[in-house]
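In what follows, a single structure is set out as structure tokens and then discussed.
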2 protein chains.
Amino acid sequence: MTQYKYILEEKELPTHWYNIIADMKTPPPPYRHPVTLQPMKPEDLVPVFPQALIEQEASRERWIEIPDEVRDVLKMWRPSPLYRAARWEKALDTPAKIYYKWEGVSPPGSHKPNTAVAQAYYAKQEGLEGFATETGAGQWGSALCFATQLFGLKCKVFMVAISYHQKPYRRIAMETWGGDVVPSPSSETKAGRDILAVDPETSGSLGIAISEAIEYAVTHDGFKYSLGSVVNFVLLHQTVIGLEARKQMEMAGDYPDILIGCAGGGSNAAGLIYPFLRDKLIGEKPNLRAIFVESAACPSMTRGIYAYDWGDTAKTGPVAKMHTVGHGFIPAPVHAGGLRYHGMAPSICRLLEDGIVEARAYHQNQVFDAALSFAQAEGFIVAPETAHAIRAVYDEAMACKESGESKVILFNCSGHGHFDLAAYDAYHRWELPDYEFEEEKIQKALAELPQVAE
Amino acid sequence: MTQYKYILEEKELPTHWYNIIADMKTPPPPYRHPVTLQPMKPEDLVPVFPQALIEQEASRERWIEIPDEVRDVLKMWRPSPLYRAARWEKALDTPAKIYYKWEGVSPPGSHKPNTAVAQAYYAKQEGLEGFATETGAGQWGSALCFATQLFGLKCKVFMVAISYHQKPYRRIAMETWGGDVVPSPSSETKAGRDILAVDPETSGSLGIAISEAIEYAVTHDGFKYSLGSVVNFVLLHQTVIGLEARKQMEMAGDYPDILIGCAGGGSNAAGLIYPFLRDKLIGEKPNLRAIFVESAACPSMTRGIYAYDWGDTAKTGPVAKMHTVGHGFIPAPVHAGGLRYHGMAPSICRLLEDGIVEARAYHQNQVFDAALSFAQAEGFIVAPETAHAIRAVYDEAMACKESGESKVILFNCSGHGHFDLAAYDAYHRWELPDYEFEEEKIQKALAELPQVAE
């Protein structure tokens, strides 16, 4: 009989994270200061992030030990299962062999707690009282509340107002895990009050929420700011996904030809891909393909430029060299809220610029076509973000059908869609809009990039 | 380091279901015909259920083979993990050792597909076109749509109107798995039209939805009716839970002193408990305790009587001897919709009557107190039904703390609460009502029981 799942024992949970920076010929350049635009030193980040994370951000060490206390929490759901999508292969009638890592088994339902737990641990070690963070639809915020709760820390979440009011379920989950969630803009920060003074009825944005969270963190003793994607240390923490998957693919007796993940800031895709990509960087697997899949509504890698830009709309965070559609670009309201970030993780962008990895973008309806086909064969109803990866897998599997090749495809099934069913409903009813590429809006946003002397 | 999860390989999935009827000194008496009240013969059930299930319903065989095709689908998520609740034990400061079987890993998120898959398989074998069924909040309906989809069958779901409109997420999940869901009462059946003629604005009830589903099944060629709890064959299919748990408890080096499950019709609790209870029935574990936990809003085991009653409000289904608060009793609108059934599985009732198992009932707020404590320690946010089991575990763990005993408690964590977060929200806001025992209403309903000559 077919084997569907490849499962590791708890004792096989990785002991070290993999830091791809150590193997990159050209690592991403240092961050620039948001005001002076000069190269930042690690100490410039001290008011914002815990010390241990600042060290990890700048580290060139290849392997960084995972503290036992972090591994102990990760064991609540890790190692996560690796699935062979045998039913979906059959439904697609493809000779491709499709595998996926299923991150929806974590209590918050996605890969996000892999870094939330590590960040909460280091915050506790540093004697902090809590974290402040922003969240859009709530996937990151719920992961951080889950993690801080376990370490006895507080969590202040600024949730984009429109999501706070329209999508109450993730807010309730955050409160169940002890989080203090307020709609953003709020009256608790100057940044929020300034916005409310101008537009009391604003629906908020991720850019505003980030500004509020950073302000809250730097103005409250014992609080620091927590970020759920983009930066090196977050991608580092996510490499447990790929490190486990390597062992599981060995159990299955296969090695991937193509790796696929959806990418907003890029952490879940990098988490799966980097531990395999090392084989390409050191010359052992020169033909390994890795595809980062973004939303056509926010096409930083496929339509943006590789340049320095602010990480947040309010220009309070570091300036990074990355593929960007401009910090002022407000993407169309696609359901994949996690893919609506204007930039991309600097390490991914460097690899993309060097031709080591690939990127592609999809529109909503083609993405849900694939997610529906997946749900009907494999059972799992995935998040709209994850559905982007699934569309790319679908296309690669169809290419195999065309060519007759039996390629091995591995993708990261990063989270369930239990709180996103309204998107499926719109799709079923033919009410899901596809948005045109917004070239003019992107060009306008790109004109506002900082002028950084290299 | 602590081990949290005990995991079985796919090949260790049970090959046979355990039929407790074979080991009961006094099995439950045969069903009675809904109109004549005479003992029913298996052939009387032919218009309603697939033949193979009718045979299982009446079987006295101890072990019934699980078809390979059913095992192949169950492997999509089974064997499910057994957890040691080490963090919760610590939070409760109890010497008790708490284990739980986690059924929330199935794609529909509960134990329900364990029987839905088997029923869909037998329907396909019999050459049926599809199933009709009823659902309240949608847990059963979504499991059946998931299962029928995989076997290429249709699924017609009559969903209680108020849930259809107020809780769209499970309806959307059913549609994603190809189900045809209509609000009940509907204009598609005579039963539905009759109700609508009298009250076009009715919010519907499970009793009406059952009547519509049965009518639809018997009046549509190629359709039969599917039921998600109460009857012997459903409990039989759920015994994979307990059979797996036995192996996993062996891995953990423990044997339970107390088994606990929530019970509406009783299938998830019986699924966990029966394979262990056999040791008590055959005299090997005389002190083994098993606790079935119901809602105080629908206290069939703790306040009802043991008597013959119709299985459905409209008196179209079989009459069974069971603990009942009366087929006409409409329970208060507690969030645990799955515990709002007026009766209980006949085999559980027989065991309860014979003093072999125990029952208890809880009110909503005490149940959510325990579920919150569980979510904050173990991470998982459980369904309101499951929360009833968790309250009983909490009380037993506290009794151990009092007595200093280190008892081993095993409970069935039957499903996640991702679609039930409104209940948690009401709890957080102190807006969750506790309903008084409705003695007078129960007595009135019990006066309407059928007069069956034994």
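Give just the number: which of (1) within 14 Å of another protein chain (Cβ to nearest Cβ); (2) of a type outside the set (S, T, N, Q); (3) within 24 Å of A:GLY152 (Cα to Cα); (4) open to solvent by 10 Å² or more (accessible area, probe 1.4 Å) does A:VAL48 not satisfy?
(1)
Inspect all residues belonging to region A:306-325 and state whether any of them is away from every other protein chain (no Cβ under 14 Å) and over 23 Å from A:PRO30 (Cα atoms).
If we filter region A:306-325 for residues that are away from every other protein chain (no Cβ under 14 Å), which is where we start, we get A:306-325.
Okay, now just the ones that are also over 23 Å from A:PRO30 (Cα atoms), so none.
No, region A:306-325 contains no residue that is away from every other protein chain (no Cβ under 14 Å) and over 23 Å from A:PRO30 (Cα atoms).
Against the conditions (1) open to solvent by 40 Å² or more (accessible area, probe 1.4 Å); (2) away from chain B (no Cβ under 12 Å), where does A:GLU175 fall short? Just the number, please.
(2)
So for region A:281-292 (the condition being more than 23 Å from the chain's Cα centre (by Cα), over 21 Å from A:PHE411 (Cβ atoms) and among the acidic types (Asp, Glu)), does at least one residue qualify?
Yes, region A:281-292 contains a residue that is more than 23 Å from the chain's Cα centre (by Cα), over 21 Å from A:PHE411 (Cβ atoms) and among the acidic types (Asp, Glu).
Might you check whether a residue that is within 14 Å of another protein chain (Cβ to nearest Cβ), touching a helix residue (DSSP H, G or I) at 6+ places or on another chain (Cβ under 9 Å) and modelled with pLDDT of 95 or more occurs anywhere in region A:390-399?
Let us first name the residues in region A:390-399 that are within 14 Å of another protein chain (Cβ to nearest Cβ), namely A:390.
Adding the requirement that they be touching a helix residue (DSSP H, G or I) at 6+ places or on another chain (Cβ under 9 Å) leaves A:390.
Right, trim to modelled with pLDDT of 95 or more and you get A:390.
Yes, because at least one residue in region A:390-399 is within 14 Å of another protein chain (Cβ to nearest Cβ), touching a helix residue (DSSP H, G or I) at 6+ places or on another chain (Cβ under 9 Å) and modelled with pLDDT of 95 or more.
Could you tell me how many of the residues in region A:80-104 are part of a loop (DSSP other than H, G, I, E, B), open to solvent by less than 10 Å² (accessible area, probe 1.4 Å) and within 14 Å of chain B (Cβ to nearest Cβ)?
Step one: of region A:80-104, the residues part of a loop (DSSP other than H, G, I, E, B) are A:80-81, A:85, A:93-96.
Subsequent filtering for residues that are open to solvent by less than 10 Å² (accessible area, probe 1.4 Å) retains A:80, A:85, A:96.
Of the ones still in play, those that are also within 14 Å of chain B (Cβ to nearest Cβ) are A:80, A:85.
Qualifying residue count, region A:80-104: 2.
Can you tell me which residues in region A:51-79 are more than 10 Å from chain B (Cβ to nearest Cβ), assigned to a loop (DSSP other than H, G, I, E, B) and either open to solvent by less than 60 Å² (accessible area, probe 1.4 Å) or of a type in the set (A, V, I, L, M) (or both)?
Hits for region A:51-79 are A:SER59, A:ILE66, A:PRO67.
So, in region B:1-40, of the ones that are assigned to a strand (DSSP E or B) and within 14 Å of chain A (Cβ to nearest Cβ), which residue ends up surrounded by the most Cβ atoms within 10 Å (Cβ to Cβ)?
Applying the first criterion (assigned to a strand (DSSP E or B)) to region B:1-40 yields B:5-6, B:16-18, B:32, B:39.
Keeping just the survivors that are within 14 Å of chain A (Cβ to nearest Cβ) gives B:5-6.
Working: B:LYS5: 18, B:TYR6: 22.
Only one residue tops the list, namely B:TYR6.
Go through region B:298-333 and give me each residue that's hydrophobic (A, V, I, L, M, F, W, C), in contact with a Phe, Trp or Tyr (Cβ under 8 Å, 6 or more places away or on another chain) and farther than 29 Å from B:PRO256 by Cα.
Residues of region B:298-333 that are hydrophobic (A, V, I, L, M, F, W, C), as a first pass: B:298, B:301, B:305, B:307, B:310, B:314, B:319-320, B:322, B:325, B:329-330, B:332.
After this cut, where a residue has to be in contact with a Phe, Trp or Tyr (Cβ under 8 Å, 6 or more places away or on another chain) as well, the list is B:298, B:301, B:319-320, B:322, B:332.
Across region B:298-333, the qualifying residues are B:VAL319, B:ALA320, B:ALA332.
Taking helices (runs of 4 or more DSSP H) that fall entirely within region B:236-310, which contain at least 3 residues that are open to solvent by less than 10 Å² (accessible area, probe 1.4 Å) and farther than 16 Å from B:PRO14 by Cα? Reasoning before the result, please.
Numbers: elements: B:240-252, B:267-281, B:300-303.
The qualifying helices (runs of 4 or more DSSP H) are B:267-281.
From the set of residues in region B:138-156 that are modelled with pLDDT of 95 or more and under 18 Å from the mean Cα position of the chain (by Cα), which is nearest to the other protein chains (Cβ to nearest Cβ)?
Looking only at region B:138-156, we keep the residues that are modelled with pLDDT of 95 or more, and these are B:140-156.
Cutting the leftovers down to under 18 Å from the mean Cα position of the chain (by Cα) gives us B:140-147.
On the way: B:TRP140: 16, B:GLY141: 14, B:SER142: 10, B:ALA143: 11, B:LEU144: 13, B:CYS145: 10, B:PHE146: 6, B:ALA147: 10 Å.
Per the stated criteria, the residue is B:PHE146.
Sort out which residues of region B:105-139 are assigned to a helix (DSSP H, G or I) and open to solvent by 20 Å² or more (accessible area, probe 1.4 Å), and write them in order of number. Walk me through it before giving the result.
So the first thing to find is which residues in region B:105-139 are assigned to a helix (DSSP H, G or I), and the list is B:105, B:113-125, B:139.
Listed by number, the residues that qualify are B:VAL105, B:TYR121, B:TYR122, B:LYS124, B:GLN125, B:GLN139.
Among the residues that make up region A:110-130, is at least one of them touching a helix residue (DSSP H, G or I) at 6+ places or on another chain (Cβ under 8 Å), on the phi > 0 side of the Ramachandran plot and within 14 Å of another protein chain (Cβ to nearest Cβ)?
Within region A:110-130 (the criterion being touching a helix residue (DSSP H, G or I) at 6+ places or on another chain (Cβ under 8 Å), on the phi > 0 side of the Ramachandran plot and within 14 Å of another protein chain (Cβ to nearest Cβ)), the answer is no, since none of the residues qualifies.
Mind counting the residues in region B:321-338 that are touching a helix residue (DSSP H, G or I) at 6+ places or on another chain (Cβ under 6 Å), of a type in the set (A, V, I, L, M, F, W, C) and open to solvent by 10 Å² or more (accessible area, probe 1.4 Å)?
Of the residues in that region, 2 qualify.
So which residues in region A:178-201 are surrounded by fewer than 23 Cβ atoms within 10 Å (Cβ to Cβ), within 14 Å of chain B (Cβ to nearest Cβ) and part of a loop (DSSP other than H, G, I, E, B), if there are any at all?
Answer for region A:178-201, where residues must be surrounded by fewer than 23 Cβ atoms within 10 Å (Cβ to Cβ), within 14 Å of chain B (Cβ to nearest Cβ) and part of a loop (DSSP other than H, G, I, E, B): just A:GLY178.
The values are calculated or read from the model by the stated rules, or taken from the named source; none is laboratory data. Because the structure is predicted, anything quoted here is derived from the model rather than measured. Note that we place each Cβ from the backbone using ideal geometry, even for glycine, and neighbour counts take in every protein chain shown. Accessible surface is based on the protein model in full, side chains and every heavy atom, while ligands, DNA and RNA are left aside. Shrake-Rupley method; radii C 1.70, N 1.55, O 1.52, S 1.80 Å.
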